[in-house]
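This report concerns only the one structure given below.
Throughout, read-outs are computed from the coordinates displayed, never taken from laboratory work. Keep in mind that this is a model prediction, so the values were computed, not measured. Here the Cβ positions follow ideal geometry from the backbone for every residue, glycine too, while neighbour counts run over all protein chains shown.
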Amino acid sequence: MNPTKRNTIYRVTDCKAKIIVKRIKEMGEYRFDKFQEMHNHELEDIFHLKISRSLSYTDKEFIVWASTTKMGATKAYKLKSTLKGDFEHVRGKIVDYRNFKRDMGFIIEFRDAQLIVNKMTDRKNNYPNYSFYYRCDENQVLNAMFWADETDKAYYSEFGDVMSLDATFRTNK
């Protein structure tokens, strides 16, 4: 029988280094029982440790700015590593960038309608001939929106065309 090979980046070296901690039940404390310091291999690079993979505020900000330019997490990671000189100088890995971008999408998902309503209302308040109207259902879910600027209104008076978008087309909604 052939044993299955583990899918891991770590090497098995049969290292004897270890720390054994025992609990003293009567006192509810712990004590070191055995400590073997000698390794039979080089210690792993800090690059692989979870603490060095946590993204800093500037890393997260970089991912957000990259996503506003329609750049995916993988390209953002590659760009950051190019700017820093090599991937070893970038905190986190590609998977950390992807996970943050995914989590960022979950946060925005529940506020995206409010973001667009705020943006359009701001335009209506600041541009003299800008029209914006929206409608929500009884659960305060945005279900219809209309907007037109001065150019759109001129085109409509000239050609009489209107474009309508159905956001639920080919979905189960």
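One table, with the values for the structure above:
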{"read-out": "FRET efficiency for Lys22 and Met104, using Cβ-Cβ distance with R0 set to 30 Å, rounded to 0.05", "value": "0.10"}
{"read-out": "Packing rank of 35-41, 97-103, 132-138, where each peptide gets the mean count of other beta carbons within 10 Å, highest leading", "value": "97-103, 132-138, 35-41"}
{"read-out": "Links that overshoot a 19 Å alpha carbon limit, given the list Lys60/Lys93; Lys75/Lys119; Lys60/Lys101; Lys60/Lys84; Lys80/Lys101; Lys18/Lys93", "value": "Lys75/Lys119; Lys18/Lys93"}
